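The values are calculated or read from the model by the stated rules, or taken from the named source; none is laboratory data. Remember, predicted model here, so these are calculated numbers, not experimental data. Here Cβ is always computed from backbone atoms with ideal geometry, including for glycine, and neighbour counts include all displayed protein chains. For the accessible areas, the whole protein counts, side chains as well, though only heavy atoms, and no ligand, DNA or RNA atoms are used. Shrake-Rupley method; radii C 1.70, N 1.55, O 1.52, S 1.80 Å.
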Amino acid sequence: ERVPSHVPFRNISFDSETRTFRGDVCWEEDHGTTWVGEPKWSFEMVFDPSFTFVASGTCSRARSETNQFGVDLIYINAAIEMRLRMALASRTTGDYINILRQWRNDGATGNT
């Protein structure tokens, strides 16, 4: 099976106070098929304060175990790569280390 290049979320909600996003990927409804035998995946993602990574959350499916962000799943904002590249290009490890320290302070784990 091939993953579509864009997959929309349905039934979405966002709690700005807790930075919690909830939404469903409706494989069967939107793409006319299941993905790994599942018609729908339901996500709950709690973002760090800078919205750089998912600090916690789950992806649940009807026929499979629930997967946890930071344990089974990892999401990192693609903009991170640019920040790290710029820090490395500055030729000072201090900038790079400071970025990593900030993410750790925001709740990132070794798995994130």
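Provide a single number: the residues in the range 11-37 that are within 22 Å of Ser56 (Cβ to Cβ) and not aliphatic (A, V, I, L, M).
The qualifying residues number 13.
Which one is modelled with the highest pLDDT among residues in the range 17-33 that are open to solvent by 40 Å² or more (accessible area, probe 1.4 Å) and of a type in the set (Ser, Thr, Tyr)?
Checking each candidate, the answer is Thr18.
For the range 50-84, how many residues meet the condition of being hydrophobic (A, V, I, L, M, F, W, C), surrounded by 14 or more Cβ atoms within 10 Å (Cβ to Cβ) and over 13 Å from Trp103 (Cβ atoms)?
Residues flagged as hydrophobic (A, V, I, L, M, F, W, C), surrounded by 14 or more Cβ atoms within 10 Å (Cβ to Cβ) and over 13 Å from Trp103 (Cβ atoms) within the range 50-84 amount to 3.
Is there any pair with a first residue in the range 77-90 that is under 21 Å from Val46 (Cβ atoms) and part of a helix (DSSP H, G or I) and a second that is at pLDDT 75 or above and open to solvent by less than 90 Å² (accessible area, probe 1.4 Å) whose Cβ atoms are under 8 Å apart and which are 6 or more apart or on different chains, and what are they?
Hits for this filter: Ala79/Thr52; Ile80/Thr52; Ile80/Phe53.
Can you find a residue that is among the acidic types (Asp, Glu), without any contact (Cβ under 8 Å) to a residue 40 or more places away in the chain and in contact with a Gly (Cβ under 8 Å, 6 or more places away or on another chain) anywhere in the range 36-55?
The answer is yes, given that some residue of the range 36-55 is among the acidic types (Asp, Glu), without any contact (Cβ under 8 Å) to a residue 40 or more places away in the chain and in contact with a Gly (Cβ under 8 Å, 6 or more places away or on another chain).
Only one of these conditions is not met by Ser42: (1) open to solvent by 40 Å² or more (accessible area, probe 1.4 Å); (2) of a type in the set (S, T, N, Q); (3) assigned to a strand (DSSP E or B). Which number is it?
Answer for Ser42: the failing condition is (1).
Those residues that are hydroxyl-bearing (Ser, Thr, Tyr) and more than 14 Å from Phe9 (Cα to Cα), I need them from the range 25-59; list them, please.
Once the filter is applied, which keeps residues that are hydroxyl-bearing (Ser, Thr, Tyr) and more than 14 Å from Phe9 (Cα to Cα), the range 25-59 yields Thr33, Thr34, Ser50, Thr52, Ser56, Thr58.
Mind counting the residues in the range 101-112 that are exposed (fewer than 13 other Cβ atoms within 10 Å of the Cβ), at pLDDT 70 or above and of a type outside the set (D, E, K, R)?
1
Scan the range 44-66 residue by residue and report those that are at positive phi and either at pLDDT below 90 or touching a helix residue (DSSP H, G or I) at 6+ places or on another chain (Cβ under 7 Å) (or both).
Hit for the range 44-66 is Phe51, nothing else.
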